[in-house]
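Working notes, beginning with the structure itself.
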Amino acid sequence: MYRIFLIFALLLTGCQLKPMFDNSWVVLGKGHYQLTDTWPSQAQQLMQQVVWFDGKQQQQFIISALLQPEAMLLVAVSPLGQELWRLNYQPDHQLSVSGIAPFNQPPFAKVLLAQMQMALLSEPQLRAKLQQVTLLQDGNDRTLLDKDGQLLLHITNAGQIAAGQKIIIKAPAYSLQIKTLQQDFLP
């Protein structure tokens, strides 16, 4: 009788356990980052110029980012004004994406969102969301390493999103240069 009760208790406990890494987590090298699904600061809209370079080709586009407690919406537009892709991230980790590949693929969009959050959120907000990833902060420069010490990202001028500021994100395979053209705080 005792064994049956113990087996039942273990089965019940196992059914109630939430998996450690649900769809809110993004794999970064050999570590993980849990996406923030609400903007933790004052609501704002940013207009940013992005230059992406992978060593062979360079692409430029404009991102309009609406950052508010109830959602984060990113819309990328070509230099000619054509919408390239759209990413909407809402509470309970609800992600919707559309547009051109690879931005319309949820795994890629989540990595893009994770990198944006690592460039914009405060150091304490990020540290609480990292698993097997080390965050080194020196002024406004950030370096993220996985559990084996492999470089994941280096971010120059992190958190500096006022108009005229430039954030540079370097990953092993590419770099991003993000210049804020306009920042409007919302009520």
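Using a 1.4 Å probe on the protein heavy atoms, what percent of the accessible area of the chain belongs to carbon and sulfur?
Of all accessible area on the chain, carbon and sulfur atoms account for 57 percent.
What do you get for the angle between helix 2-16 and the principal long axis of the chain? Use alpha-carbon atoms, 0 to 90 degrees, nearest ten.
With both axes taken from Cα atoms, the answer is about 10 degrees.
For the chain, with only Lys/Arg (+1) and Asp/Glu (-1) charged at the beta-carbon, what is the dipole magnitude about the Cα centre, in debye rounded to 20?
Once rounded to the nearest 20, the dipole reads 340 debye.
With θ taken as phi - 60° and the coefficients 6.51, -1.76 and 1.60, list the Karplus ³J(HN,Hα) couplings across segment 124-137 in order, rounded to whole Hz; mark glycine and proline as x.
Values, residue by residue: x, 4, 6, 4, 5, 10, 9, 10, 6, 10, 9, 10, 10, 10 Hz.
With everything on Cα atoms, drop me the angle between helix 106-120 and the longest principal axis of the chain, reported from 0 to 90° to the nearest 10.
Relative to the chain, helix 106-120 is tipped by roughly 70 degrees.
Only Cα pairs under 8 Å and at least 6 apart count here; give the relative contact order of segment 97-167 as a rounded whole percent.
In percent, rounded to a whole number, it is 21.
Round to the nearest 10 and report in Å² the accessible area of S122, as given by a 1.4 Å probe over the protein chains' heavy atoms.
Looks like 50 Å² after rounding.
Report the one residue of W25, S78, Y89 whose Cα lies farthest in the direction of the positive end of the charge dipole of the chain (charges on C-beta: Lys and Arg +1, Asp and Glu -1; origin at the Cα centre).
W25
So what are the three principal axis dimensions of the chain from its Cα atoms, in whole Å, longest to shortest?
73, 34, 34
What are the semi-axes of the equivalent ellipsoid for segment 88-127, taken as the square roots of 5 times the Cα gyration tensor eigenvalues, largest first, in whole Å?
In descending order, the three semi-axes are 21, 12, 7 Å.
Provide the per residue accessible area, probe 1.4 Å, for the chain, rounded to a whole number of square angstrom.
Heavy-atom SASA per residue in the chain reads 57 Å².
Too long at a 24 Å Cα-Cα cut-off: which of K56/K179; K30/K129; K147/K179; K30/K56?
K147/K179; K30/K56
The values are calculated or read from the model by the stated rules, or taken from the named source; none is laboratory data. Being a predicted model, the structure only gives us computed values, none of them experimental. We place every Cβ from the backbone using ideal geometry, glycine too, and count neighbours over all the protein chains shown. These accessible areas exclude ligands, DNA and RNA; they are computed on the full protein's heavy atoms, side chains included. Shrake-Rupley method; radii C 1.70, N 1.55, O 1.52, S 1.80 Å.
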